[in-house]
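Below you'll find the structure, written out as structure tokens, and then a few comments.
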């Protein structure tokens, strides 16, 4: 893929979220030091690891209520980012797997919301909010949880690279 000088607003939000999650790899959290943070690729290309975070996104959905007229109009979108936290403790570890999941999901939320204006991603988003944490059922390979984050952003109808107020 060619190098793109500028990126669409939604990609800038995803990159900002990814960068915030990298704080856990760097050991800047209270309890969890993540092994890695990855964004899923088309063909997968990753193997589940203990304390791994996989960031994915859903399809953006129009938010007519927060769109507004103009020339060109400003279109609002809601997008859900799924922050999947994987834990694979040793079989000899006496600690309950839920203890690791609870600490990891709490640290994910803390590292994302560390800044006072965390919800607008440096002016790229209108608002952000977390949904209820979803447990990932163990299929024998790993346990974990998904921390869903819904982000609302607004762009010009004719330019997905332009943030609109």
Subset of region 59-92 [over 22 Å from residue 13 (Cβ atoms) and part of a strand (DSSP E or B)]: 86, 87
Residue, surrounded by the most Cβ atoms within 10 Å (Cβ to Cβ), within region 39-58, restricted to residues that are in contact with a helix residue (DSSP H, G or I) (Cβ under 9 Å, 6 or more places away or on another chain) and assigned to a strand (DSSP E or B): 53
Residue pairs meeting the criteria (Cβ under 9 Å; at least 6 apart or on separate chains; first on the phi > 0 side of the Ramachandran plot, in region 137-163; second at pLDDT below 95 and part of a loop (DSSP other than H, G, I, E, B)): 144/48; 144/88; 144/138
When residues of region 111-121 are limited to those that are modelled with pLDDT of 95 or more and part of a helix (DSSP H, G or I), the one nearest to residue 84 (Cα to Cα): 112
Condition broken by residue 25, with the remaining ones in (1) more than 30 Å from residue 155 (Cα to Cα); (2) at pLDDT below 90 satisfied: (2)
Test set (1) surrounded by fewer than 16 Cβ atoms within 10 Å (Cβ to Cβ); (2) touching a strand residue (DSSP E or B) at 6+ places or on another chain (Cβ under 6 Å) - residue 117 fails condition number: (2)
Subset tally (residues that are under 15 Å from the mean Cα position of the chain (by Cα) and not in a loop (DSSP other than H, G, I, E, B)) for region 123-136: 5
Some residue of region 121-132 being out of contact with any strand residue (DSSP E or B) (no Cβ under 9 Å at 6 or more places or on another chain) and under 18 Å from residue 20 (Cβ atoms): yes
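The values are calculated or read from the model by the stated rules, or taken from the named source; none is laboratory data. Everything numeric here is computed off the predicted structure, so don't read it as measured data. Backbone-built Cβ (ideal geometry, glycine too); neighbour counts: all protein chains shown.
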